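What follows is calculated from the coordinates using simple rules that are stated; it is not laboratory data. Quick caveat: nothing in here was measured; it's all calculated off a predicted structure. Neighbour counts are summed over all protein chains in view; Cβ atoms, including those assigned to glycine, are modelled from backbone coordinates with ideal geometry.
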Amino acid sequence: MVLFHGTAAYNEPKILRHPCTLKYHHGLPRKCLCTSLSFDEAALFALRKTPISDMSKVGIIIEFEADLADSDFTPVASHGLLRDEKEIAVFNTKKLIPKAVWRLEDDKWVRYPQSV
């Protein structure tokens, strides 16, 4: 399974750390890392995390490869939203392997593979 996480650029070291930091998500009883099956949704989150005071610090997308058991994740239903975010809450981040960091350069996303 390939998952994407859009975030602020300053979060890169924390997210790439193995296993990465977990946080509580509204409506879930356990800490998780929220990811998406959709690159476009992750891109939207990365852009939303860009500080308006410094547009040179555009958010990033982290691409993960994951071999998750049913107990390691849950799909998150986004009730009341205008679109389906294809969100996956990952509880066991030890099974997330960072494969790439995507950066917005000259108005296009560029993939930078990560060595694990």
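Brief remarks follow.
- Judged by the mean number of other Cβ atoms found within 10 Å, the most tightly packed of the peptides 94-107, 56-69 leads the ranking 56-69, 94-107.
- Gyration tensor over alpha-carbon atoms, the chain, equivalent ellipsoid semi-axes in Å: 22, 17, 13
- In the chain, the longest principal axis of the Cα atoms and the axis of helix 39-48 are about 60 degrees apart.
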